[in-house]
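Worksheet for the structure shown next.
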């Protein structure tokens, strides 16, 4: 990972990489910390996928720091399937709140829940970052109450047009979420006046 981190730095051949998929590799938190050194200075990567790479909470500060990179052009980031808990996801949300170009984030199949601290960090992220409009939260420990809180957050975040959630949520709750998302979609629910 240290070599790849160096390749991704400016003035190396890694500046031509647009899509980087490292899925299902045992990178771990220490490996991600090495990779982050290059990612935090890379201006060309548009999509980064690190699913099921054994990345845990010890890497979340490095994730937050690389998301802060002002010249980043990354529009899609997939962290699904990693060992990130509530403590770590709060750090990730803090970085996402100020990410300069991301439009979609995948945070599915992790180990975080809908505890208050997580929901507060999610609220801050969704209301602050107006470019990030798509979120994948599938297969995390989110309850129906957590989904209703996400619906409230969507009311404060009219730019968010997609939120994917666990499939075990009650239908009534899913309907409330669909309604909240529909209100945010451009052109939905707004009828033109006839002249």
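Each value in this text was obtained by applying a stated rule to the coordinates, not by laboratory testing. All figures in this text were calculated on a predicted structure; none of them were measured in a lab. Cβ coordinates were reconstructed from backbone atoms using ideal geometry, including for glycine residues, and neighbour counts include every protein chain displayed.
Could you work out how much longer the chain between residue 141 and residue 113 gets when fully extended? Use 0.36 nm per residue separation minus the Cα distance between them, nm to one decimal.
9.6 nm
Calculate the spin-label point distance for residue 131 paired with residue 162, positioning each point 7 Å from the Cα along the beta-carbon direction, and give it in nanometres.
1.7 nm
Using Cα pairs closer than 8 Å and at least 6 residues apart in sequence, work out the relative contact order for the chain, in percent.
After rounding, I find 14 percent.
Mind ranking 53-64, 169-180, 133-144, 21-32 by how tightly packed they are, going by the mean number of other C-beta atoms within 10 angstrom, highest first?
The peptides rank, most packed first, as 53-64, 133-144, 21-32, 169-180.
Can you pull the one-decimal nm distance between simple spin-label points at residue 87 and residue 185, each 7 Å off the Cα toward Cβ?
Modelled inter-label distance: 4.0 nm.
Over segment 1-150, what lengths in whole Å, largest first, do the semi-axes of the equivalent ellipsoid take, defined as the square roots of 5 times the eigenvalues of the alpha-carbon gyration tensor?
Those come to 25, 16, 12 Å.
From largest to smallest, what semi-axes in whole angstrom does segment 64-186 give when each is the square root of 5 times an eigenvalue of its alpha carbon gyration tensor?
Each semi-axis is √(5λ); the values are 21, 17, 12 Å.
Using Cα pairs closer than 8 Å and at least 6 residues apart in sequence, work out the relative contact order for segment 126-190, in percent.
With pairs under 8 Å counted, the relative contact order is 39 percent.
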